[in-house]
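The numbers here are math on the coordinates, done by the rules we state, and not lab data. Remember, predicted model here, so these are calculated numbers, not experimental data. Using ideal geometry, Cβ is built from the backbone for each residue, glycine included, and neighbour counts are taken over all protein chains shown.
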């Protein structure tokens with residue numbers, strides 16, 4: 001709407017200049033009565049159109065939403081997803097499969113990926129109700145990865161609660177995760193769209209990529225020479241692809257143009273990178289209670305995070321040696337966490353991580369120029385800003 005207002009201003013300025021250069025009384029004296037009549041009609045028509053466009057601009061200009069309004073929209077959408085997730089595990093037998101699933105799905109979560117499906121659908125002009133089943137499928141896929149990830153990392157706390165394999169056992173956790181994948185596809189097949197085949201292809205690709213990313217994460221933990229490029233490739237698969245697939249699937253269901261679909265996929269990829277680096281930062285710098293995990297879990301598992309790789313790059317030889325010694329220990333202690341935090345801050349790695357998060361968030365938001373202005377688009381921007389500063 002700002003562009004329309006600017007154009008209207010230029011049109012009015014043009015008429016003002018025209019009349020100042022060619023005064024009506026002198027111009028009219030040099031042309032026929034018919035020509036004068038035509039010119040007068042033209043001027044009156046132009047003035048009328050300007051007034052109409054100004055009225056439309058005024059009526060359709062949406063007031064910017066306040067933070068509280070964004071939060072209310074987020075809560076409403078999240079509630080719809082929670083209801084869908086609860087219905088997935090309403091079976092009671094066998095209890096060894098469904099009880100852990102109910103427990104895990106009820107333990108919390110931001111439901112960001114599901115929300116991205118709905119907002120992306122709306123942002124291209126679609127009806128979010130058509131994307132609810134796909135949004136549920138994406139969220140279930142994500143939760144499958146968390147249950148299996150906790151097993152592989154031997155993590156004991158997730159979202160402030162005991163992990164599934166800790167509360168039950170490893171076999172139960174693996175089986176529950178497998179069941180979630182089946183439930184994800186069952187939910188996805190309910191989606192009604194002319195692009196259902198493409199939606200299925202994108203979803204399956206995300207499933208494959210996240211497994212490959214998890215494998216790379218395990219491999220990098222065992223390697224000593226890991227570059228930031230290696231890390232970025234890994235997180236694009238492990239974290240970024242599910243987030244970008246959420247945006248892509250929403251845009252496909254919403255009937256977006258291929259330019260819009262591509263833009264939202266890229267939005268999700270950059271957002272995924274920012275999201276993972278923020279996770280790396282919270283693992284060592286965050287509050288354990290709000291983060292919902294044990295501080296320094298990445299250190300204990302030998303994970304190659306953005307912070308570690310950047311600190312190794314920026315530190316002097318003495319600090320670099322100390323970092324490697326701290327990473328070699330397997331037992332997590334408060335002293336190790338505190339010392340690593342100090343080395344990260346002193347090297348400039350913490351500030352570098354914050355800059356990279358901000359950069360990737362800006363890149364994500366810049367891709368949205370392909371979309372028309374809408375409430376959903378503004379929600380995507382708000383959500384990306386919110387994730388930039390999240391504490392959990």
**Prompt:** Sorted by mean Cβ packing within 10 Å, highest first, what order do the peptides 79-90, 317-328, 155-166 take?
**Reply:** 155-166, 79-90, 317-328
**Fill in**
Given 198-205, 66-73, 115-122, the highest-first ranking by average Cβ count within 10 Å works out to 115-122, 198-205, 66-73
**Request:** Rank these for me by crowding, 101, 249, going from fewest to most other beta carbons within 10 Å.
**Result:** 101, 249
**Request:** Please work out the C-alpha center-to-center distance from the stretch 243-288 to the stretch 150-194 and express it in whole Å.
**Result:** 21 Å
**Complete:** Given 186-196, 263-273, the highest-first ranking by average Cβ count within 10 Å works out to 263-273, 186-196
**Request:** Could you work out how far the C-alpha centroid of the stretch 367-388 sits from that of the stretch 79-102, in angstrom?
**Result:** 32 Å
**Item:** Taking the C-alpha atoms of the stretch 68-388, convex hull volume expressed per residue in Å³
**Value:** 122 Å³
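Can you give the convex hull volume of the alpha carbon atoms of the stretch 200-299 per residue, in Å³? Show your work: numbers first, answer last.
Details: hull volume 10.9 nm³, N = 100.
Per-residue hull volume (Cα only) is 109 Å³.
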**Request:** For the stretch 144-193, state what percent of all Cα-Cα pairs lands in each successive 10 Å bin, counting from 0 Å until the bin that includes the largest distance.
**Result:** 27, 44, 21, 8, 0
**Request:** Multiply the residue gap between residue 186 and residue 83 by 0.36 nm, knock off their C-alpha separation, and tell me the result in nm, one decimal place.
**Result:** 35.5 nm
**Prompt:** Just the Cα atoms of the stretch 56-195, one point each, no solvent: what log10 I(q)/I(0) does Debye give at q = 0.10, 0.11, 0.19 Å⁻¹?
**Reply:** -0.40, -0.47, -1.09
**Asked** For the stretch 248-392, how big is Rg over Rh, using alpha carbon atoms and the Kirkwood form of Rh?
**Response** 1.09
**Message:** Quick check on the exposure proxy: order 356, 313 from fewest to most C-beta atoms within 10 angstrom.
**Reply:** 313, 356
**Fill in**
Computed on Cα atoms, the radius of gyration and Dmax of the stretch 317-385 in angstrom are 19.0, 53
